[in-house]
Amino acid sequence: MTPQPGILPGIPNYGRYIELRAKPEASLKALEGFKIDEGLVVGIGPRLAGNDAVYGFKAISCLVDIPSTQADLLLWLRGNDAGDIASRARRLLQALPDFEVVRMVNGFKFGVDLETGLDLSGYEDGTENPKGDAATAAAFAPDGSSFLSLQVWEHDLATFEARPQAAQDDIIGRRLRDNEEMEDAPEFAHVKRTAQESFTPEAFVLRRSMPWSEAGGEGLVFAAFGHSLAPFEALLNRMAGAEDGIVDGLFAFTHPVSGANYWCPPVASGKLSLTP
Ligand code: HEM
């Protein structure tokens, strides 16, 4: 068994995240025929996964509000042709009559010529992602499973852009000008909050987030793949101020509107291997 092939490669030019809720009669049988390639990542929510390592997204409501909108199935379609994605999505949904769509967000790469894309704030997102063997170790359990935490964040870029450049850099903890990490960044700086090696155990995740922009708003679809859900939870708890009362500076201009965990089963012969 091997990991789903769409998880490790960098983000494509287009992505579509479709989250679905199972009707009472739904089962995973419908997924058995799906061809899994680089263009499709499938995640299964805790209700249907039959895998104790995936459980419902834990909402946090303390200094900031982090909602849980746990669903039962995620399809992440990816590619460089938005038309291919739309027609493949239609065919997949036709094959899933026992599921109903609860959220669909179209993502895109900002900076198509860059190795790593940008967030809509203009800052490079993904610089400190683990690479090579370290990426595999961070993202996958020994059997090739991966555990995905997915959150749609909505930005208020007018608020962000109204701040002086130095204050924007303080929020991220990196300089926009050259993407250098700032040694004197404040404690609330995002990359100080989330410095992966500063946790015990270290909290490395493989981030594969994509910006989104629609009539209703704009922001980032944040996607973290891990060998378990624990590294993501450690990062998010510290961002929320649960450790020391210091809230991540990001919350000054953005907040999550959804949150769900999924098990991404490994594949065998191009098909999902659905028994954990
Ligand atoms: C709107 C939401 C978010 C935005 C705009 C954002 C943006 C960024 C940016 C610009 C960086 C610096 C470059 C890089 O290393 O990628 C970064 C780093 C990072 N972010 Fe986020 N992020 C968001 C949410 C999150 C969340 C929810 C988590 C985890 C719970 C997270 C975890 C990380 C980690 C682990 C790093 C690397 C830190 C390091 O080890 O240096 N981010 N993010």
Worksheet entry | Scope the stretch 165-189; condition more than 8 Å from the ligand (Cβ to nearest atom) and among the β-branched types (Val, Ile, Thr); matching residues | Ile171
Discussion item. Suppose we keep only residues that are over 24 Å from Leu8 (Cα atoms) and in a loop (DSSP other than H, G, I, E, B) within the stretch 22-49. Which one would you say is least open to solvent (accessible area, probe 1.4 Å)?
Written reply: Ala26
Item to complete: For the stretch 190-215, enumerate the residues that are assigned to a loop (DSSP other than H, G, I, E, B) and within 10 Å of the ligand (Cβ to nearest atom).
Response: Thr194, Ala195, Phe199, Glu202, Ala203, Phe204, Val205, Ser209
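Could you look through the stretch 114-134, keep only residues that are in contact (Cβ under 8 Å) with a residue 24 or more places away in the chain and over 14 Å from Gly10 (Cα atoms), and pick out the one that is surrounded by the fewest Cβ atoms within 10 Å (Cβ to Cβ)?
Within the stretch 114-134, the match that is surrounded by the fewest Cβ atoms within 10 Å (Cβ to Cβ) is Ala134.
For (1) at negative phi; (2) open to solvent by less than 60 Å² (accessible area, probe 1.4 Å); (3) small (Gly, Ala, Ser), each residue gets a yes or a no:
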residue	(1), (2), (3)
Trp153	yes, yes, no
Thr159	yes, yes, no
Arg163	yes, no, no
Ala189	yes, yes, yes
Lys192	yes, no, no
Ala215	yes, no, yes
Phe222	yes, yes, no
Pro231	yes, yes, no
Ala234	yes, yes, yes
Worksheet item: Does the stretch 9-21 hold any residues that are surrounded by fewer than 21 Cβ atoms within 10 Å (Cβ to Cβ) and part of a loop (DSSP other than H, G, I, E, B), and which are they?
Response: Pro9, Gly10, Asn13
Worksheet item: Looking only at the stretch 245-271, which residues are in a strand (DSSP E or B), open to solvent by less than 20 Å² (accessible area, probe 1.4 Å) and not polar (S, T, N, Q)?
Response: Pro256, Ala260, Tyr262, Trp263, Cys264, Val267
Item to complete: Search the stretch 252-273 for residues that are modelled with pLDDT of 95 or more and pair each with any residue that is small (Gly, Ala, Ser) and assigned to a strand (DSSP E or B) when their beta-carbon atoms are under 7 Å apart and the residues are at least 6 apart or on different chains.
Response: Thr254/Gly219; Asn261/Ser149; Tyr262/Gly43; Trp263/Gly43; Cys264/Gly43; Cys264/Ser146
Worksheet item: Which one of Asp119, Asp98 is within 30 Å of Gly245 (Cα to Cα) and in contact with a Ser or Thr (Cβ under 9 Å, 6 or more places away or on another chain)?
Response: Asp119
Worksheet, complete the sentence: By residue number, the members of the stretch 133-144 that are assigned to a helix (DSSP H, G or I) and away from the ligand (no atom under 16 Å from the Cβ) are Asp133, Thr136
Worksheet entry | Near pairs, Cβ below 9 angstrom, 6+ apart or cross-chain, from the stretch 157-172 (more than 24 Å from Glu128 (Cβ to Cβ)) to any residue that is more than 15 Å from the ligand (Cβ to nearest atom) and open to solvent by 50 Å² or more (accessible area, probe 1.4 Å) | none
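The values are calculated or read from the model by the stated rules, or taken from the named source; none is laboratory data. All values derive from a computational prediction rather than experimental measurement. Glycine also receives a Cβ, built like all others from the backbone with ideal geometry; neighbour counts cover every protein chain displayed. Remember, those area values only see protein heavy atoms, side chains included, never the ligands or the DNA or RNA. Shrake-Rupley method; radii C 1.70, N 1.55, O 1.52, S 1.80 Å.
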